[in-house]
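**Q** First the structure, then my questions, so here it is.
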Amino acid sequence: MKIIINEGKAERIKELINTKGLNKVSNMMGGFSNLVKLMGFNSVSEYIYNYLDEHCTPYGGWDGPDDYDDEINRNGEISFPIGERFRYGFDYFLYDNDDSKVNIRSWLWNELEEVFEVDGRDDFDWKDVFKRWFQDHTKLTVDWVE
């Protein structure tokens, strides 16, 4: 059964999650499954991906994959400023052995941990969604996120 909620209420729930975190709001909404349905998402991964699009997209938007390839070939790393704050949120590194990682800066890591932490849930990990989200937008390979 799909629960339908009006857009205004869904936005209010998003605001609550952004300020109080997923754990507290899911408890307020009668459990995690109810919350996901109330938000109109099919899964928590879909919600996290949407959140990342809204809150972590680089300032000015994403560049094209060729631009990222060129910068990696020149520098071996790329730093990504986030939103209007123009504060660096994450960096991409390609090492000589072709390993690659996204390093999320501590201020953003703490913010994401606070929003997406859900006690007793180990069936999803926001870092896996972040990795997929980053790869989808840049077309760069990511071996790990830290």
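The values are calculated or read from the model by the stated rules, or taken from the named source; none is laboratory data. For clarity, every value in this text was computed on a predicted model and none was experimentally measured. Here the Cβ positions follow ideal geometry from the backbone for every residue, glycine too, while neighbour counts run over all protein chains shown.
**Q** Take the stretch 52-80 and flag every residue that is under 13 Å from PHE93 (Cβ atoms) and in a helix (DSSP H, G or I).
**A** TYR68, GLU71, ILE72, ASN75
**Q** Continuing with this model, one more query. Tell me yes or no: at least one residue of the stretch 53-63 is free of Cβ contacts under 8 Å to residues at least 12 places away in the same chain and under 14 Å from the mean Cα position of the chain (by Cα).
**A** Yes: the stretch 53-63 contains one or more residues that are free of Cβ contacts under 8 Å to residues at least 12 places away in the same chain and under 14 Å from the mean Cα position of the chain (by Cα).
**Q** Taking the stretch 82-103 as the search range and keeping residues that are farther than 21 Å from TRP126 by Cβ and either surrounded by 12 or more Cβ atoms within 10 Å (Cβ to Cβ) or not hydrophobic (A, V, I, L, M, F, W, C) (or both), which one is nearest to the chain's Cα centre (by Cα)?
**A** Top of the filtered list is GLU84.
**Q** Something else about it: Kindly indicate whether LEU108 is assigned by TED's automatic domain parsing to the domain that holds ASP136 and either under 17 Å from THR141 (Cα atoms) or touching a residue at least 60 places away in the same chain (Cβ under 8 Å) (or both).
**A** Against the criterion (assigned by TED's automatic domain parsing to the domain that holds ASP136 and either under 17 Å from THR141 (Cα atoms) or touching a residue at least 60 places away in the same chain (Cβ under 8 Å) (or both)), LEU108 does not qualify.
**Q** Go through (1) without any contact (Cβ under 8 Å) to a residue 24 or more places away in the chain; (2) part of a helix (DSSP H, G or I) and name the single condition TYR49 misses.
**A** (1)
**Q** Of the conditions (1) crowded, with 16+ Cβ neighbours inside 10 Å; (2) in the same structural domain as GLU113 (by TED's automatic domain parsing), LEU35 fails just one. Which one is it?
**A** The one condition LEU35 does not meet is (2).
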